[in-house]
Amino acid sequence: PVVTGPFTYCIQENKTLADLNVTGTNIQWYDALTGGNLLPDTTLVADGVGYYASQTIGGCESERVEVVATVHDTPAPSGVGVQSFCDTQVLTLADFVVTGTGIVFYDSAVGGNVLPITTLLVDGVEYWASQTLNGCESVARLSLTPDIISDLPAHDFAMNACDNLNDGTEKADLSFYNEDIVPASHGYSFGYYTDFASADNEIAANEITGFTD
């Protein structure tokens, strides 16, 4: 038989031996180059597995030719399943941290509806993400749930410092004031920024990285 390849499919296409482009008369499929077992043409094609086709003309069966297909089974993207956010932000699907290519969000683990990236997050609601590689979308989807924190017991705090050197500046260990901002602060992590908007949006360029100096 004449084989016209290459053969590349997505796993969800459920291709069978009958779908392989092999030209000949009375094609038969086997699991070995010689001997072996006769396979029905409804056999699902597996990735990297060799299948062997013969043809029969005038009652004489030919030698066999090997056919190997690539079947892409794209994995789900990766990410932390439950991700925490502050309710001071306008949160959308774009705020989820997901590692993958061609990410698509859904409202169901299977089937369901594609959600626009601008979809607003709802606390505790489960969303699912797929990725696409080699033109094949993952069958498995990553489950993502936002944990939107609205009751952080933080409050404003102001302090005065003495200008000991009379030079208009004074060094301070900002972490010293953690307890004044959040009581029992040992259960929290702190970041300090040069302005409110930067703190609210965690803008790294305006973060004070040496706040304990």
Can you give me the distance in nm between label points at Thr194 and Val2, each placed 7 Å from the Cα along the Cα-to-Cβ direction?
7.1
Bridge type composition, the chain - antiparallel percent by DSSP, nearest 5:
75
Taking Cα pairs under 8 Å and at least six residues apart, what relative contact order does the range 125-203 come out at, in percent?
19
If you check each cysteine of the chain for another cysteine whose beta-carbon is under 4.7 Å away, which ones come up empty?
Cys60, Cys86, Cys162
Under a 10 Å cutoff between Cα atoms, tell me which one of Ser185, Ser108, Ser78 has the largest fluctuation in the Gaussian network model of the chain.
Ser185
At 7 Å along the Cα-to-beta-carbon direction for both Thr119 and Glu202, put a label point, then send me their distance in nm to one decimal.
2.2
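Report the local net charge at Arg141: Lys and Arg +1, Asp and Glu -1, summed over other residues whose C-beta lies under 12 Å from its C-beta.
Values: positive: none; negative: Asp107, Glu126, Glu137.
Charge balance near Arg141 sits at -3.
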Per residue, how many Å² of accessible area does the chain show with a 1.4 Å probe?
62
Assuming 0.36 nm per residue, please report the length gained on full extension of the stretch Ala109 to His155 beyond their Cα-Cα distance.
12.6 nm
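Once you have the Cα-Cα distance between Glu63 and Asn37, take 0.36 nm times their residue separation minus that, and quote the gain in nm to one decimal. Don't skip to the answer; put the middle values down first.
Working: separation 26, 0.36 × 26 = 9.36 nm, distance 1.47 nm.
Fully extending the segment from Glu63 to Asn37 adds 7.9 nm.
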Given a 1.4 angstrom probe, I'd like the percentage of the accessible area of the range 74-213 that is carbon and sulfur, rounded to a whole number.
56
Filter the GluC sites (Glu not before Pro) in the range 53-153 down to the DSSP loop ones having no more than 10 other Cβ atoms within 10 Å, then list what survives.
Glu63
Structure-derived Cα Rg over 2.2 N^0.38 Å - corresponding label in [x] 1.80; [y] 1.08; [z] 1.38:
[x]
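The values are calculated or read from the model by the stated rules, or taken from the named source; none is laboratory data. These figures come from a predicted structure and were not determined experimentally. Positions of Cβ are backbone-derived with ideal geometry, glycine not excepted, and every protein chain shown enters the neighbour counts. For accessibility, only protein heavy atoms count, side chains too; no ligands or nucleic acids. Shrake-Rupley method; radii C 1.70, N 1.55, O 1.52, S 1.80 Å.
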